Amino acid sequence: MTPMRFIETTPGKFSLLLDAGTTQVDELVEQLGHEPNGYFWEGVAQFLVSTEAPALDGRFSYDPEGDMFCAYGGDRDALEELAALMIPVTADGDRMRRLITSAKAGGFKFDD
């Protein structure tokens, strides 16, 4: 089961949501010096897009809160691709550790 959910908010408008604090990697994220809140997960999404799926850049917007990550827009396919990138990271400690290490090495700053 994934902590992410995909909803159609109005016809043709979609949101990808993650309730912060509900992933299998939250404790690890804290051990690595970050707060697993919505802003941290926005950073994860931005880093994944920039490093693994640059064609997604600009195809949706972000609107995180402390307790929730949200990406939204009218491009359902782009949001589904983002979900496919993020879901493995929410459940795989090794994947999360590599992501944070790579982000740090590249000078990426999480806004958590």
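Against the test of being part of a helix (DSSP H, G or I) and buried (at least 18 other Cβ atoms within 10 Å of the Cβ), the options Phe14, Phe40 yield a single qualifying residue, Phe40. For the stretch 43-58, residues that are under 19 Å from Asp94 (Cα atoms) and loosely packed, with under 14 Cβ neighbours inside 10 Å total 1. Under the condition of being among the hydroxyl-bearing types (Ser, Thr, Tyr) and without any contact (Cβ under 8 Å) to a residue 40 or more places away in the chain, the residues counted in the stretch 53-75 number 2. Using the structure shown, decide if Met96 is in contact (Cβ under 8 Å) with a residue 24 or more places away in the chain, in a helix (DSSP H, G or I), in contact with a strand residue (DSSP E or B) (Cβ under 8 Å, 6 or more places away or on another chain) and hydrophobic (A, V, I, L, M, F, W, C). No: the conditions fail for Met96. The residues on offer are Thr90, Thr101, and the sole one that is exposed (fewer than 12 other Cβ atoms within 10 Å of the Cβ), modelled with pLDDT of 95 or more and either in contact with a Lys or Arg (Cβ under 7 Å, 6 or more places away or on another chain) or part of a helix (DSSP H, G or I) (or both) is Thr101.
Loosely packed, with under 13 Cβ neighbours inside 10 Å, touching a Leu at 6+ places or on another chain (Cβ under 9 Å) and not polar (S, T, N, Q): does that describe Glu81? Criteria not met by Glu81.
The values are calculated or read from the model by the stated rules, or taken from the named source; none is laboratory data. Only a predicted model underlies this, so the values are computations on that prediction, with no experimental measurement involved. Cβ sites come from the backbone with ideal geometry, for glycine too, and all protein chains shown count toward neighbours.
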